[in-house]
Every structure is written in structure tokens, then in C-alpha cells.
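Step one of this worksheet: look at the structure below.
No value in this document is a laboratory result; all are computed from the given coordinates. What you see is a predicted model, and the numbers here were worked out from it, not measured in a lab. Note that each Cβ is placed from the backbone with ideal geometry, even for glycine, and that neighbours are counted across all protein chains shown.
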Amino acid sequence: MAIESNVTASSNFWQIPQQWWRKKIVPVIANLKFAIVLVLIIAVVSITGTVIEQGETPGFYQTNYPEHPALFGFLTWKVIQVIGLDHVYRTWWYLGLLVLFGISLMTCTFTTQLPMLKSARKWKFYDNPKFFQRLALSAEIEDRDLTALTEQLQAQKYKIFTEGDKLYARKGLIGKIGPIVVHVGMILTLLGGVWGAMTGFIGQEMVPSGDTFQVKNILDAGPLARNQIPKDWSVKVNRFWIEYTPAGTIDQFYSDLSVVDNSTQKELDRQTIYVNKPLKYQGVYYYQTDWSISGVKIRLNNSPIFRLPMAQIGQGAQNRLWGTWIPTKPDLSEGVSLLAKDLQGTMLVYDTKGQLISSVRAGNSIEVNGVTLKILELIGGTGLQIKADPGIPIVYLGFGLLMLGVIMSYFSHSQIWAVTKEGKLYLGGRTNRAQVVFERETIDIIERLQNAGTCEVASDLDVPTAVG
């Protein structure tokens, strides 16, 4: 007896939390207002991630979001880094909001949408004429049977069920499935976003023309992104070039890229990319985003060809300059400075006192400090953004289902009941949307049915009585 008592007490102990969960928590999570609040919070946070630059260095935020004066009185670089506003879409709390919203949708689907669909699929025959008076549209016709009504309903694409002198017809069940498809699409979209945040990465590289590289400069990456970063293959920049307008401004810049196997050095793929036309290989995207002057090839008298690096001096799209120092004596006691602002070929040469000596174009020579300096070539560098997001296919699938579900939801779920009793045909119906269209359609059926006598029609929309 004591053992049975303990088992009963233990069973009651576990039933209490389950009942509390079902009665208190589930209704809140599945509530439409709760879901709307979550959507608004996610939207605000997403906007914040768009306004505040993502994935920049700590120095960038310290410069642009100082403590004195703080933006809006509170937004400083410390707040940004503590809360994670510099990588909003990968923070635990943002992903938690997405998961919570997904749980809300799933709960609503299982507690509301699926039971509504199950109820819509069931049908029940009615043989009491009083039932039809409670419907949105009802009618009473003398000397008619179900055969003529069945023909009319079939012409209107209704699915018909009969049992003796009773009839039930419906169409537009797809409209009940639509909200469920919408929820599934939204859940898949959220899952795709979470999966992309966990497994994706963003990198950035500035690569001189002719060099081969692997992704090393990772700006932002999820905790599971290690398998997405390329290890078995590299990318070679075969050539980088810029096309200019007649006014001298940049029209477009291009990179000829090859994907190379690291073990065999075999070319696996080759594409020319430009802005908005990336290279895609094994789920990794290489976007053309920037450019630079990485170096210059020169020759002094009859010396071998030297390749000297050039460093960026100016900042901003309009003020960028690249420069290098060229020694003209073996002991490096004398030399000249070389400056360039683009790849069109014109460079300025300055002496050690900062005085302009001359200008020179690629392929030409000048005399400086008793030697012949020939500028052979300016070497461009391509700025690439490398990105992988394995969640994108899931997001696209979710968006596709979302649009499909919205279209399906516009279909009206219409129902019609009928029964013959004492020489009269009683019928009535209702719909969940497009009430006026349903009323017109049903009245048209009634008018076709009546052959003689009086047909009394009652409707919530004040449809006039039809007289034969």
C-alpha cells in the first residue's frame, strides 16, 4: 500500500508541471499578440544591425562611436561591443529571438492550425431544418430533390458527400492548408537564418594581380564555420584591370580568377568577376568590392627588374594615393618617391626634399640622380569579399513556401448542407471569406433549382427573397 501511494504521489507530481505548461505557457507562446511583439523586436534589432556597421575592427568603433559625446546619449563603442551590436546577427540573444519566434509558430500550428484543418476535413450531415436557419445563407425549395442540387454543385467544383436524403458539399480546403504552409515557410526561413549564422563566415582579402591566396582574414564567423572555410583549394588572381570612362572616372573593375587544387595545382574553375557578379565555388562566394595599387615593376639602367610594394597614403574614394621609395644608389643614400592615384599609368616622381622632378607613364623612362629609371608596370590589387552562408538555400525554400502559402490562403473554404424532408429541399451554407461572392454563387444555384413555386431565402447579408 505504501509503494502504491508513493507511485501515485510521484505521478501527480509530474502531472502538475505538465498541466501548468499546457494551461499557462502554451497559450501565451501560441498567442498572436506574442508573435507580433516578437516580430517587432526582431525587426528593430535587424534595423540596428543594418545601421551600425557589422564586423569592423575595435578601432573603427572607438573612432566612430566615442564615449564623449555618446551617440543618442548612450551608444558608445563599449556598449556596442558588450551587447554585440557589431555582430548582431550572430549574437546568442538574436538567435534566441529567432528560435523563440519559431517555437511560437510551431506551437500555433499544432494547437490551432492543424486542429482547424482536421475539423475542416470532417463533415457532418444535418437533418433538422432548424439548423439551416443558423447559417449565413439558407433556402427552402418546394418539390426538389438532391439530384438536381448535386449537378449544380458539381458544376461549381464542389466535392460532394451524400447519405440518404442528406448532402454535404465543400470546396476550397486548400485555403485551410495555406496558413499552415505559411507557418512552415516562416519556420524554414528562421532555421535558415540560424543555420547560416552558425556555419557561415565573411572574409576579406586584398590580393595583388598574379598572386594565389587562401582565405585568412576572417572578419566574422559562426561557431561551426570551420568546415566552410576552403582548405583543399586556393584562388589565383590571374589578372586585375579597371575600365575608365572618357572623363577618367572608374567605370568597372574586373578580376580574372582561377580556383586551383592545392595538391595537384590543377585549375578547377575559372571566371571573370566584377561588381555584382561573384565567383561561386562549393558554396563560397568571391565578390569584387575594392581595388588598390599593390606594387610597381622598375629597372635602373640595365639592372634586373625590381618589384617594389606600394603603400596607400590617402583615405577615401576621392583622395587615395599610393606611394613607394625607389633607391637610386646601392647604399640607399639617395632615392626618389613615386606616387600614383590610379592604374591609368601616370605617376609623379619627387626628390628627397619633396620637390616634383617629373611625371612618367608606365613603359617610359626618366633620368634621376644620374641613373635611368624605367617604369615597367603598375601592379593592381583586387579587393575581394569572401562569404559563405549554408543557410541561404533553406531561406529561399522558406520564402518560396511562404509565398505559396499566402496564395493558398486566399482560397475560400465554402460549405453547403442540404436535406430533403416532407417534399421540401432545405439547404444552406457558409464560407470563411469572400462572403459576397459565396452569396451570389449560392443564390445562382438556388435560382437554377427552382422550377415552380416559391423559394424563400434568408441571409445574414440581407439577400432578398427569391420568388419563382
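The share of Cα pairs per 10 Å bin across region 59-162, counted from zero up to the longest distance, runs 11, 20, 16, 11, 10, 10, 12, 8, 2 percent. Mind checking region 378-441 for chymotrypsin sites (Phe, Trp or Tyr not before Pro) that DSSP puts in a loop (not H, G, I, E or B) and that have at most 13 other Cβ atoms within 10 Å? Passing both the DSSP loop test and the Cβ count: Tyr410. Checking the cross-link pairs Lys231/Lys341; Lys33/Lys171; Lys216/Lys266 against a 25 Å limit on the alpha carbon distance flags Lys231/Lys341; Lys33/Lys171 as lying beyond it.
Dipole magnitude for region 135-274: computed about the Cα centre from +1 point charges on Lys and Arg Cβ and -1 point charges on Asp and Glu Cβ, it is near 380 debye.
Set the bar at 24 Å for Cα to Cα. Now go through Lys124/Lys157; Lys122/Lys157; Lys23/Lys122 and name every pair that lies beyond it. Too far apart for the 24 Å limit: Lys23/Lys122. Working note: Cα atoms of the chain, range along each principal axis, descending, whole Å: 123, 74, 54.
Relative to the Cα centre, the charge distribution of the chain, modelled as +1 at Lys and Arg Cβ and -1 at Asp and Glu Cβ, gives a dipole magnitude of about 720 debye.
Along the axis of the charge dipole computed for the chain (Cβ charges of +1 for Lys and Arg, -1 for Asp and Glu, origin at the Cα centre), the listed residues Ile25, Val360, Met347 are led at the positive end by Ile25.
Database remark: amide H of Gln344 closer than 5 angstrom to no amide H (H placed geometrically; neighbours at sequence offset of 5 or more, or on other chains; Pro and chain starts carry no H).
Centre-to-centre separation between the Cα atoms of region 249-318 and those of region 357-379: 24 Å. Net charge of the neighbourhood of Glu367, taken over other residues with C-beta under 13 Å away and scored Lys/Arg +1, Asp/Glu -1, is 0.
Quick one: Debye curve from the C-alpha atoms of region 295-369, no solvent, what's log10 I(q)/I(0) at q = 0.13, 0.14, 0.25, 0.27 Å⁻¹? For the requested q values the scattering log ratios are -0.38, -0.44, -1.40, -1.58. In summary, the convex hull built on the alpha carbon positions of region 12-113 has an orientation-averaged projected area of 8.9 nm². Counting only alpha carbon atoms, the long axis of helix 92-108 and the longest principal axis of the chain meet at about 20°.
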